[in-house]
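The values are calculated or read from the model by the stated rules, or taken from the named source; none is laboratory data. The model shown is predicted, which means the values in this text are computed figures rather than measured ones. Cβ placement follows ideal geometry from the backbone for every residue including glycine, while neighbour counts extend to all protein chains displayed. For the accessible areas, the whole protein counts, side chains as well, though only heavy atoms, and no ligand, DNA or RNA atoms are used. Shrake-Rupley method; radii C 1.70, N 1.55, O 1.52, S 1.80 Å.
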Amino acid sequence: MIDQGNAANNQWASVLEFEAYGELLTAPGTPGNFAGVFQDGAPKLSWDAAAKAATYELRRNGSLIYSGPLTSYTDADVLPAGEITYSVQAVNAKGSSAAAEITVNVPSEAERADEAAAALEIGYAPGDSASAVTQDLTLPLAGLSGTTVSWSSNAPETAGNDGKVTRPAYAQGDRAVEMTAEVMLGTYKVTRTFNITVLREPAETALARAEQELTLGDLTAVAGNLALPATGYGGTRIEWSSSAPEIVAPDGTVHQLRRHGWRRIR
């Protein structure tokens with residue numbers, strides 16, 4: 001015997017399906033281009049939208065971890081190192097598609113820290129480079145896969161552990177510095193050393209500072225020979241001349257004060 005009520009309901013459901021999809025609803029196809037990669041500390045998965053799919057079900061090693069309309073997913077759970085199998089199915093009211101399946105390798109802490117150390121870079125100011133540093137460095141404190149980074153310098157007076165740069169005095173010349181990064185993830189640590197060169201300050205800067213710092217004390221009442229320095233800031237060389245060498249010689253010797261009396265000398 002035919003159940004007229006169920007037949008009517010089925011017919012009405014078919015009409016709704018036709019209005020929604022332009023044809024009778026069938027189970028969705030398998031999502032295409034299912035792909036996964038371990039990046040930034042987690043597996044990142046994506047797949048193409050499947051025709052007639054309402055939602056997608058994503059499983060890790062057979063256990064459901066996501067159900068929803070998105071076509072990408074980041075598995076942020078803490079995962080053991082090794083290969084993990086993921087599968088995805090498209091789902092609608094008529095059923096589920098066949099599963100698409102991939103395997104993603106989760107690297108160990110050591111592998112992830114090594115990768116982070118290899119990708120680490122020092123940031124330089126515009127115009128600077130590793131071989132010509134004149135301004136402060138940008139030292140990253142975090143790396144790939146959630147690693148943390150600490151820095152040390154073998155010449156902190158020139159390039160500090162915080163990246164602060166103090167250029168050597170002109171006479172000291174350029175300074176080679178080793179900046180060492182310690183990259184940590186869990187209990188694993190790895191170091192990477194960067195070699196940089198901090199350029200000495202320009203000659204113009206050294207001369208300006210030497211002039212600013214040069215002093216001979218109180219010259220309003222000279223009663224004896226002057227101590228004229230031969231060098232100044234940063235090893236600058238100072239040469240002296242006198243507008244009245246018969247009174248004050250270029251070496252600072254003072255002559256015949258009583259005979260000539262007081263006189264302004266340059």
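Divided by 2.2 N^0.38 Å, where N counts the residues, the Cα radius of gyration of region 59-141 comes to 1.80. The simple Förster model, with R0 at 41 Å and r as the Cβ-Cβ distance, assigns Ala54 and Glu109 a FRET efficiency of 0.55. Taking the charge dipole of the chain about its Cα centre, with +1 at Lys and Arg Cβ atoms and -1 at Asp and Glu Cβ atoms, the residue from Gly224, Ala93, Val165 reaching farthest to the positive side is Gly224. Rounded to the nearest 10 degrees, the angle from helix 109-119 to the longest Cα principal axis of the chain is 50 degrees. Other residues within the sphere of radius under 11 Å centred on the Cβ of Gly234, judged by their own Cβ, net out at +2 (K and R +1, D and E -1). Note that region 135-266, at 37 °C in a medium of 0.692 mPa s, gets a Stokes-Einstein diffusion coefficient of 172 µm²/s from its Kirkwood radius over C-alpha pairs. Dipole magnitude for the chain: about 1400 debye, using +1 per Lys or Arg Cβ and -1 per Asp or Glu Cβ, origin at the Cα centre. Each pair of Cα atoms in the chain enters the Kirkwood radius, and Stokes-Einstein at 20 °C and 1.002 mPa s then converts it into a translational diffusion coefficient of 81 µm²/s.
Comparing Asn105, Asn161, Asn33 in a Gaussian network model of the chain, where Cα atoms under 10 Å apart are tied by springs, the biggest mean-square fluctuation is seen for Asn33.
The loop-placed GluC sites (Glu not before Pro) in region 38-144, going by DSSP, that have at most 14 neighbouring Cβ atoms within 10 Å of their Cβ come out as Glu121. For the chain, the residue among Ala176, Ala118, Leu141 whose Cα projects farthest onto the positive side of the dipole built from Cβ charges is Ala176.
Listed by chain and number, the aspartates and glutamates whose C-alpha is less than 16 Å from the C-alpha of Lys44, apart from same-chain residues fewer than 8 away, are Glu57, Asp75, Asp77, Glu83, Glu101.
The 1.4 Å probe gives accessible areas that order Asp40, Asp75, Asp136, largest first, as Asp40, Asp136, Asp75. For region 56-70, the Karplus equation 6.51 cos²θ - 1.76 cosθ + 1.60, evaluated at θ = phi - 60°, returns couplings of 10, 10, 10, 10, 10, 6, x, 9, 5, 10, 7, 9, x, x, 6 Hz by residue, with Gly and Pro reported as x.
Exposure check, 1.4 Å probe, all protein chains in place: Lys189 carries approximately 120 Å² of accessible surface.
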